[in-house]
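First the structure, in the form of structure tokens, and then the observations on it.
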Amino acid sequence: MTEYVFLAIFLPLIASVLSLFVPKEKGKAWLVVVGAFLSAVFSVLAYAPAELYARTYAVPWIPQLGLYISVHLDQFSGVMGMLVSWLVFFIVLYSVKYMEGDYRPGWYWFFMGFFATSMLIITYADNLWFLLMGWEGVGLASWALIGHWYKDDEPDVKWVGHPGDRIALVDYFWPPSKAGLRAILTIRTGDSAFLVSLAYIFAALGTVQLSGLLELGPAVSALGLLPLFLFLLGPLTKSAQFPFTEWLLTAMTGPTSVSALIHAATMVNAGVYLLIVTAPVFALVRGAQIYFLAVMVFGALTAVLSSIIALTADEFKLVLAGSTAANLGIIAAAAGGAGLLGLRGEALLPLLWIAFMQIVGHAISKAPLFMGYGAVIHESGTKYLGAVGRLGRYMKVTAFAMWLAMLSLIGMPPFAGFFTKEMASDNIALGFGGLSGILVAGLIAFLAPLYGLRLIGLSMVHGPEPKEHIHEAHPIMWVPYTVLSLATIGVGGYLAYLYSDKALELIESPGFLAFLVGLAIALALYVFKPGVRSRALEPLWKIGYRRFYLPWLYDGLVVWIYHNLAHAVYWAVDRGVFDNAYHVALPWIFGRLSAAFRRLQTGNLSWYLLYAIAGALIVVLLVLA
Amino acid sequence: MRGPELYAADLLPMILAVAAYAAAKRSTQMAAYISAVALLPLLVESSFSLFGGYAYYGSMGPGLWSVFDFYLEPFNAAFVFTVSLVGIMVAIFSAPYMEHRAEELGIKNTIFYLTYGLFLGGLAGAFMARNLFGIYIFIEEALIASLFQVLYYGYGDRVRITVMYLVWSHIAALLMLAGFIVLYLNGITSVPIPSGASLPASALYLALLLILLGSFTKMATLGVHMWLPYVHAEAPTPLSALLSPVLVGFGGYAIAVTALPLMPKSWLPALTWYGIATAIYGGLMAYVQKDIKRLFAYSTVSQMGYMVLALSLNNVYGLTAAALIYLSHGLGKAVLFMTAGYFIMHLNTRDIDRMGGLYGYNSTLAGAAIVGFLNLAGILTVGMLSEITLAVALTKAYLGAEYIELYIAFAAMLVVTGVYAFTTIKNVFFGPPRVEGEGPYDAALVAIAATALLSVLLLLPPMSSSIWANISAYAHSLVRL
Amino acid sequence: MIDPVFISALVFAALAPLALKLDGRYLAVAIGVALFAMAFLAPSAAFFFTLLGVVVIALALDWPYGGMGLSLGISAAAVALAAYAYYRTVAAPQYALSYAIAGIAALAAATVSIYGLLASGREKENIEGALKYLIFSAVGKTLILLGFMLAIYISPVLGWVLMGMGFMFELGIAPAHLWMVDAFALGTPKGVATLAVFGELTPLIVLLTLLNVVPAASQAALAFLVVALASMTFANVAGLTARTFGRIMAYSSIAHMSYALSAVMLVFYFGNRFVSLPLLGTMSAFSVASLVVLLEGLTSGLAKAGIFGALTVKHADTMPERRVLSNTLNVLSLLGAPPLLGFWPKLFLILLAISIGQVGVAIIVILNSVLATPYYLRAFRQVLEAPGPSADNATSILTATLSVILGIAAPLLISALIP
């Protein structure tokens, strides 16, 4: 089965490298699609339900550095692998039509395949260095595809924010090239710390094999908290946890297929996935509860704040991106909660499995939503929520799929989202414990239906009549997302079968109650009685709409400081001190000295002799001295 | 005489330089290809050593002839390999570029190709020389050969720049020489210095200070970097593509083989911080630049900071990282300078403000240049290998929560590199297209793309496995116990 | 004992009237060939005889000399004689005194011939420059002779004070250097070429000869060491802003002579002893210093002969008017770029200073060679940027080749130079 894993991992990359040499766009596209499909098939063949890290395979790469090409096959990586590879397949299939006729197909198709392989490396890797290769790979692919529309054209479709919008001297709109830069730099920041942490682990323990670390057992405990927190910065930035959420929101400048795949279903999940699969190892470290608490707090904070952003955003994709960040927060918090509960003596793996299931639940709901709204933007030519509405009449299939996916996303029974989300909420509630746990979980559950139905309501049900005639999307586009949205029911059914004993418990939980309240309000506000507005809430709305002014901090203050610091150092130190000292002062001194020396050369012989005699006298003095 | 193949490989570029000189009178292309072919034996031999783990030794005779003793072990083979590989690529690149430049200046390319082989032969010789004086002799030869190129084919106020280059490089070389002499008089005559060799303290400190100061000036680390941005910006671009990656890194090699095995351990932390400071400073300054060649020059300063950091860690990982940084920076920076040369050739500009959206101008070029930047930033190219090795070296040398400030500084260094790398990519290749038309596919582009591709391939096993294993096996002897 | 070499010298003198009949250059060639041939008579100085023979032939090929050809020949013969005397002094110390006198005589002969060559352009400037050389050189020789006698018969200290001053005049050590700049700037190029190669080499060899006869007193040696170090720094700083060929090379000469002087004075101040040098092995410090002196003289002389040999104008203070690329190598040799000839004396000087324990002196020498780079680069550019097309002349090609070959084959050269 090992060969199957390696085939599953590397086939997309091979296809995408080959695609560089295929001249026609169609050829590139189908080549990558075939690669992705084969990869998906092999990922199923490689699936092996087993204990965590139970089956590992390693090929040495640089053994002295602890670098092995090694994979582990277990329940987590098996499911994650299938999820990733099938989503990749559906989304690349969708983008055959979606990206048709777009510029630089070579770039797009190469990075799609490249991304798939990188992501599958993260999924299966047992060796953290090998994982880092994939980790950097997904970061790079994300950067490349966010900035895919490098020309920064068509601001109404391809940018995030309203062109020309400014707040206190800082631009509040993001063309693709700028969004790409924000993404990669945020990720780089986390990755730098992440790299140090991996090196630390290797230096301290002599291995970076996850299975090896787990085998070390208590010896890991000496690691201390520092590497854990350095490590945490990697997943926090990659999974867009607060306060690094910003890059994910502006990442929506990428083509919608990219947003669906990378910035909703897979890459951003890499961070939380890593948090989950490393939790059993890190739980062995002394003081790990602080680490897990941090993970949980960051996650919960992200979940709440990003939900508010989703609720106030006025772009289709921004709403979805905010919701992605919120769900990533839920997963992280659930993982942190699982870790904490595990330290208190409960069985860790089942709890982590719950957090993991939310990745699956979220991915299969979010991917179709993105693809569907991609079709909407494609057809209507606008990205703004409220610019076009009543689409349910014109895009019936799409609207149906969107409804299904959205209900699953917000956690409506009996969709998949209901089970995964409610169980994750339980993790969070128990992790925090007591009233605060109930409040946090409740708040998160309450906000989800609000932003979810707001999006659906204002675009599919109500809103302004479209000005032009709108068609249903091409089948190559709608088939993938409809299939996926139907899968939410299928998976929901499967989960209902699995957890039938717990279903009642879930419905009775306070989280579900909060959800019902939220759902009721949302139905009222956005579906049945649209148009209710409150002046009193406007300042609050504005804070959310301005995304807590974080862009002002990142694009304004941080950039201003870096830019001006660099310039100040350049002019003051580099030009001012070094250049002047070496290239002005030094030559000047020698030039003056030299000129003075040469002035002795008068041409007058008697002076010459005089100098010579003076020299002779000096010699005499020196001898006598 | 032992090891004639080493001498043959090193002398061939110098001898064929004359043929290239003659050929350049008629055809620049012919001269360029002669220059490239002349480096092949060197590439082959260094590859044998680097990938195969072989060691070669050469000697011309006893006594004063021992000045010309050569050695080629995987550690220095990594440097020689980079020199010859980049040399070949740049030679191919230079065919269209120098034709363009010579036309612009109204002169012939004869001097360029005469000095090209001498420069690279000298440089490779400096890395292969065993005798301390031999090292000095070869590095000066390389310096003087490259001087002609700046003087004849440079940009801007090239006479002033040439003086600057000559003076500072000469100072650097002489300081090193002075340090070598002190070592020599204390019985240390050749490299690699056996670890455990010891000197009287005063002589040791003097020698180390001289060698470090000389090497730092050569590497243009913080405080003595003043000459590099000017020289590398104004040199003819093929030369910049050689100076920046392969010549300045010589300082790092010199520290590794002559200073490090003798250095008192108490000096190392200061050196570590100095390396990080240089890397961050260079990265910040690179961010400010508007002239793309100056930007790359400051980026070289930054990368040399990485190298100093790697060396200061004084373990096998650090030394291996230093050799790998030389390799990855060499390939990456060569790609970038050649890209700048492509712009100069076809767009007649070095000003980043006049670039933008150049992806559409030539996508192959853009892809290659991005790979070049990834080498510097340490992402998925051979640069990543050096970055990982460096991080391991750092944590092996300084392990524990008490070194948190060092870890933060190290991470900041990586971020600063990322900032200028990706900002430049955005400013140059992305954004609304500012240039019409399409960049031509010429020999220059082939060289750029091939270099970029190689820098990716070298990351993959089995290449990287054997490189790492061989270098580290020989780096053991350089570590101060 | 009457030495066959002296007899040959007398024969040359007797040939003088021929100069009136024959074009001088043939005469010079003849003398060159004769010198060449005499290498077989005097195996100890064979290297110098061969070298000088070749150089004089090359110089003779480059210019018509008229009656001055004999001067050229004589000056070359004088150096050969001085070199011969030096090697004989070392080999046969019992005759040292008479050989030393012969050396001084050779110096006098060289001075007169070079004066003639410097002034041969017959312009006012030429004669002025030549005259300054003659006057300073005459004073120098007087002091040397006087000092030599004093040193032998009365007091070595006093004698060496005078002799040292004499050599300051003769070699153009600052502050008695001013004549050198004018002579280089105002003399005819061929005169300057001979001045550089023969006029500087002769006093250096004589200096070594005299040191072999009467070791320098240590007090005097200290004084001249200080003067030499100051002088090299002075020359290199002054050279920084010198613009024309003649002046740049004059300052370069002052610096080279100062390096040479400092080497021997270093040894005599700190005491001659055996030192163990890298590359050379164990030998007496004085031998190393002698090596430095001879190599400095050869470097400076050969390179400058080549550089001025390429000029075809009336006086040397000018930009080169044609491009002679081989001279770039000569300039680099002057700069001390390895592995050219000029690298070795500097290296040995630094090695010598450090092995004696004088790191300070080594540092001064290193700083000086750094200081000198900009003006050598200027000269270098002037050579390169002279109007094309490339031209070549015998002297330049010969000296450039010698700079390279002697530099690379330094191991062989050194064994030839050490007596």
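The values are calculated or read from the model by the stated rules, or taken from the named source; none is laboratory data. Just so it is clear, the structure is predicted and the values come from calculations on it, not from any experiment. Virtual Cβ from ideal backbone geometry, glycine too; neighbours counted across all protein chains shown.
Table: residues versus (1) modelled with pLDDT under 95; (2) more than 18 Å from residue B:276 (Cβ to Cβ); (3) assigned to a helix (DSSP H, G or I).
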position	(1), (2), (3)
B:309	no, no, yes
B:314	yes, no, no
B:336	no, yes, yes
B:345	yes, yes, yes
B:356	yes, yes, no
B:370	no, yes, yes
B:373	no, yes, yes
B:402	yes, no, yes
Every listed condition ((1) at pLDDT below 90; (2) part of a helix (DSSP H, G or I)) holds for residue A:356 save (1)
Among the residues of the stretch A:46-64, the number that are exposed (fewer than 14 other Cβ atoms within 10 Å of the Cβ), under 25 Å from residue A:87 (Cβ atoms) and either at pLDDT 90 or above or of a type in the set (Phe, Trp, Tyr) (or both) is 0
Given the criteria farther than 30 Å from residue A:286 by Cβ and either in the same structural domain as residue A:238 (by TED's automatic domain parsing) or buried (at least 24 other Cβ atoms within 10 Å of the Cβ) (or both), does residue A:330 qualify?
no
When every residue in the stretch B:281-309 that is touching a residue at least 60 places away in the same chain (Cβ under 8 Å) and more than 19 Å from the chain's Cα centre (by Cα) is compared, the one nearest to residue B:176 (Cα to Cα) is B:284
Counting only residues in the stretch A:199-217 that are facing another protein chain (nearest Cβ under 7 Å) and free of Cβ contacts under 8 Å to residues at least 60 places away in the same chain, the one surrounded by the fewest Cβ atoms within 10 Å (Cβ to Cβ) is identified as A:204
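Just to confirm my filter: which helices (runs of 4 or more DSSP H) fall fully inside the stretch B:7-123 and include at least 2 residues that are crowded, with 23+ Cβ neighbours inside 10 Å, among the hydroxyl-bearing types (Ser, Thr, Tyr) and touching a strand residue (DSSP E or B) at 6+ places or on another chain (Cβ under 8 Å)? Outline the logic, then answer.
On the way: elements: B:28-38, B:40-52, B:74-105.
Helices (runs of 4 or more DSSP H) meeting the threshold: B:40-52.
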Over the stretch B:437-481, the set of residues assigned to a loop (DSSP other than H, G, I, E, B), more than 11 Å from every other protein chain (Cβ to nearest Cβ) and of a type in the set (A, V, I, L, M, F, W, C) is B:458, B:479, B:481
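Tell me which residues, restricted to the stretch A:546-560, are more than 12 Å from chain B (Cβ to nearest Cβ), in a helix (DSSP H, G or I) and surrounded by fewer than 17 Cβ atoms within 10 Å (Cβ to Cβ). Can you show your working first?
We begin by selecting, within the stretch A:546-560, every residue more than 12 Å from chain B (Cβ to nearest Cβ); these are A:546-557, A:560.
Of the ones still in play, those that are also in a helix (DSSP H, G or I) are A:547-557, A:560.
Selection gives A:549, A:553, A:557, A:560.
For the condition farther than 29 Å from residue C:225 by Cβ and away from chain B (no Cβ under 11 Å), what is the one hit in C:323, C:378? Even if it seems obvious, please write down each step before you answer.
Numbers: C:378 fails: away from chain B (no Cβ under 11 Å).
Matching residue, one of C:323, C:378: C:323.
Could you tell me how many of the residues in the stretch B:9-24 are within 7 Å of residue B:117 (Cβ to Cβ) and not small (Gly, Ala, Ser)? I'd like the intermediate steps shown before the answer.
Filtering the stretch B:9-24 down to residues within 7 Å of residue B:117 (Cβ to Cβ) leaves B:13-14, B:16-17, B:20.
Within this subset, residues satisfying the condition of being not small (Gly, Ala, Ser) are B:13-14, B:16.
Residues meeting the conditions: 3.
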Inspect all residues belonging to the stretch A:229-246 and state whether any of them is more than 14 Å from chain B (Cβ to nearest Cβ), closer than 21 Å to residue A:338 by Cα and surrounded by fewer than 24 Cβ atoms within 10 Å (Cβ to Cβ). yes
* In this structure, does residue B:434 turn out to be outside any helix (DSSP H, G or I) and not assigned by TED's automatic domain parsing to the domain that holds residue B:278? -> no
By residue number, the members of the stretch A:594-603 that are modelled with pLDDT of 90 or more, within 7 Å of chain C (Cβ to nearest Cβ) and surrounded by fewer than 16 Cβ atoms within 10 Å (Cβ to Cβ) are A:595
Before we move on, is residue A:606 within 10 Å of another protein chain (Cβ to nearest Cβ), hydroxyl-bearing (Ser, Thr, Tyr) and assigned to a helix (DSSP H, G or I)? no
All conditions in (1) facing chain B (nearest Cβ under 8 Å); (2) crowded, with 24+ Cβ neighbours inside 10 Å are true of residue A:226 except (2)
Apart from one, (1) crowded, with 24+ Cβ neighbours inside 10 Å; (2) within 26 Å of residue A:260 (Cβ to Cβ) all hold for residue A:351; the odd one out is (2)
Contact list, first residue from the stretch B:382-404 and at the interface with chain A (Cβ under 8 Å from one of its Cβ atoms) and of a type in the set (Ser, Thr, Tyr), second anywhere and in a helix (DSSP H, G or I) and surrounded by fewer than 19 Cβ atoms within 10 Å (Cβ to Cβ), beta-carbon distance below 8 Å, six or more apart or interchain, is B:395/A:204
Counting only residues in the stretch A:179-198 that are within 22 Å of residue A:124 (Cβ to Cβ) and among the hydrophobic types (A, V, I, L, M, F, W, C), the one nearest to the other protein chains (Cβ to nearest Cβ) is identified as A:195
query = Looking at the stretch A:2-17, is at least one residue in a loop (DSSP other than H, G, I, E, B), surrounded by fewer than 18 Cβ atoms within 10 Å (Cβ to Cβ) and in contact (Cβ under 8 Å) with a residue 60 or more places away in the chain?
reply = no
Item to complete: Tell me, yes or no, whether the stretch C:341-353 has at least one residue that is more than 19 Å from the chain's Cα centre (by Cα) and small (Gly, Ala, Ser).
Response: yes
Here the residues within the stretch C:367-419 that are under 18 Å from the mean Cα position of the chain (by Cα), modelled with pLDDT of 85 or more and among the hydrophobic types (A, V, I, L, M, F, W, C) are C:398, C:400, C:402, C:406
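Restricting to the stretch C:333-349, name every residue that is part of a helix (DSSP H, G or I) and farther than 16 Å from residue C:268 by Cα. Full working, then the answer.
First pass over the stretch C:333-349, keeping only residues part of a helix (DSSP H, G or I): C:333-335, C:343-349.
Selection gives C:333, C:334, C:335, C:343, C:344, C:345, C:346, C:347, C:348.
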Pairs returned, first residue in the stretch A:418-440 that is part of a helix (DSSP H, G or I), second residue that is among the aromatic types (Phe, Trp, Tyr) and surrounded by fewer than 24 Cβ atoms within 10 Å (Cβ to Cβ), beta-carbon separation under 7 angstrom, 6 or more apart or interchain, are A:419/A:499; A:422/A:512; A:440/A:432
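Output the residues belonging to the stretch C:151-185 that are closer than 12 Å to residue C:210 by Cβ and in contact with a Gly (Cβ under 6 Å, 6 or more places away or on another chain).
Filtering the stretch C:151-185 down to residues closer than 12 Å to residue C:210 by Cβ leaves C:151-152, C:156, C:159-160, C:162-164, C:166-167, C:170.
Within the stretch C:151-185, C:151, C:159, C:162, C:163, C:166, C:170 meet the criteria.
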